[in-house]
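**Q** Shown below is the structure under consideration.
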Amino acid sequence: MTAPQKPTESKSDSASEFLYADLTYTLNGILIEAYKELGKYAREKQYGNAVAEKFEKQGISFAREQKSAIQETSSILLLKIKLF
């Protein structure tokens, strides 16, 4: 039996698949950090508040719970977009 091999990709190589790789990596880190701080039983509003605070500290501009119209076949659906 051979020893498992380490992945050859670095963080930057695997993240380069994304259009905004650095921003994607930062956002994922913020979301994971908020989850670790609050745990799995926090309310959605608490996660939203924690993430919003971290976005502000990082200087990431965002808007919470914006409504947007999406065209689907012949009807328009209104969706509430949330952080989670």
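**Q** I'd like to verify a number: residues in segment 41-57 that are loosely packed, with under 11 Cβ neighbours inside 10 Å and either more than 16 Å from the chain's Cα centre (by Cα) or of a type in the set (S, T, N, Q) (or both), how many? I'd like the intermediate steps shown before the answer.
**A** Here is the first cut: in segment 41-57, the ones loosely packed, with under 11 Cβ neighbours inside 10 Å are 41, 43-45, 57.
From the residues that got through so far, the ones that are either more than 16 Å from the chain's Cα centre (by Cα) or of a type in the set (S, T, N, Q) (or both) too are 41, 43.
Qualifying residue count for the region: 2.
**Q** Can you report the number of residues in segment 7-36 which are within 28 Å of Asn49 (Cα to Cα) and modelled with pLDDT of 55 or more?
**A** Residues in segment 7-36 being within 28 Å of Asn49 (Cα to Cα) and modelled with pLDDT of 55 or more: 19 in total.
The values are calculated or read from the model by the stated rules, or taken from the named source; none is laboratory data. Quick caveat: nothing in here was measured; it's all calculated off a predicted structure. Because the Cβ atoms are built from the backbone with ideal geometry, glycine has one as well, and the counts that use them run over all protein chains shown.
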